[in-house]
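A short write-up of the structure that comes next.
The values are calculated or read from the model by the stated rules, or taken from the named source; none is laboratory data. All of these numbers come straight from a predicted model, not from anything done at the bench. With ideal geometry, Cβ positions are generated from the backbone for all residues, glycine too; neighbour counts draw on all protein chains shown.
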Amino acid sequence: MNKKFRGLGVAVVTPFTQTGNVDHKSLESIVESLVEGGVDYLVALGTTSETPTLCECEKDEVLRTIIRANAGRLPVVMGLGGPCTRDIIAMCDNFDFSGVDAILSVTPYYNKPSQDGLYEHYCEIAHHSPLPVILYNVGHRTACNIEFETTIKLAKDCEKIIAIKEASANMNQIMKLVKHKPDDFLVISGDDAVTLPLLAIGIDGLVSVVANAFPKHFSQIVHLAFENKFDEARRWHNDILDITQACFKEGNPAGIKAIMAMQHKIEYYLRLPLTRISPALAEEYKTLIINLQCG
């Protein structure tokens, strides 16, 4: 089971129409481009999906569209997290997870639990979840870091907790996780730009934002690194690095949606409180895309 989530995952964006509705036709096309681009699994309803702006009905529709378009070709991970443990447990007990292979559960945001609180929170989720659980550590968004010792304890104590998506930007913490984790526990990067150096120390892959627009580049980086072809992987990494770093200058998913609109993959609409990137950054993206195409 764990090996299904080793490689390149993509946090799929949610495209919108001019009237503000979910653009399911474009979402289907995105899934197809990701499958053709060589990604290993899809992540629905994550941060990049603008999930906090979706109502419960829309969340279900987005998930079902991704599952339908995927047609069983790749594993599907569903984002399921929040600040209330009881709400997540209720979802685990009552939700129809047909077509879903694992859940990705972000640390509780806003209420800033202790490490003991985090441990108990995830133990309860693991107890109630019918599917494997991937922890999601992204402290710059949640104001809550899962410390190394807590992750290792959860990995050893809860059989259903199979991995962590690490977006803490704490290299020391990630290196310690790779060194001390159980053999079958996965450490997955949540930071596109530093994926190659993390692959060199032995992480198990990436959940990418930028691969929404450039799946082939990130597929090559991850898969070549797995084959110890780091010279080739580095060439792909260097080709895409400038765009990757620029993508997050004015927030996510504002950046990646702007790039995908320039590629004619989606229309450029976000939901408030997110807004479009600045004209100056848009011009920078255009130049970077041209340079990449000509490189």
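Quick rundown of the values:
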item	result
So Gly190, is it surrounded by 15 or more Cβ atoms within 10 Å (Cβ to Cβ), touching a Gly at 6+ places or on another chain (Cβ under 7 Å) and not charged (D, E, K, R)	no
Boolean, Thr287 is in a helix (DSSP H, G or I) and free of Cβ contacts under 8 Å to residues at least 12 places away in the same chain	yes
Pairs where the first residue, in region 16-36, is in a helix (DSSP H, G or I) and the second is surrounded by fewer than 16 Cβ atoms within 10 Å (Cβ to Cβ), C-beta under 7 Å, 6+ apart	Val35/Arg73
Tally of residues being touching a strand residue (DSSP E or B) at 6+ places or on another chain (Cβ under 6 Å) and either surrounded by 24 or more Cβ atoms within 10 Å (Cβ to Cβ) or of a type outside the set (Phe, Trp, Tyr) (or both) across region 27-50	9
Verdict on Leu63 being hydrophobic (A, V, I, L, M, F, W, C) and part of a strand (DSSP E or B)	no
Selection within region 102-125 - buried (at least 21 other Cβ atoms within 10 Å of the Cβ) and farther than 23 Å from Ser208 by Cα	Leu118, His121, Tyr122, Ile125
Selection count where residues are without any contact (Cβ under 8 Å) to a residue 12 or more places away in the chain and under 22 Å from Lys3 (Cβ atoms), scope region 194-234	3
Selection count where residues are touching a residue at least 40 places away in the same chain (Cβ under 8 Å), within 17 Å of Asp157 (Cβ to Cβ) and of a type in the set (A, V, I, L, M), scope region 95-135	2
Pick from region 126-147, criterion modelled with pLDDT of 95 or more and assigned to a helix (DSSP H, G or I), ranking: nearest to His180 (Cα to Cα)	Ala126
Leading residue by the ranking (nearest to Val106 (Cα to Cα)) among those in region 45-59 that are more than 18 Å from the chain's Cα centre (by Cα) and in a helix (DSSP H, G or I)	Glu56
Filter result (assigned to a loop (DSSP other than H, G, I, E, B) and farther than 18 Å from Pro52 by Cα) within region 68-94	Ala71, Gly72, Arg73, Leu74, Pro75
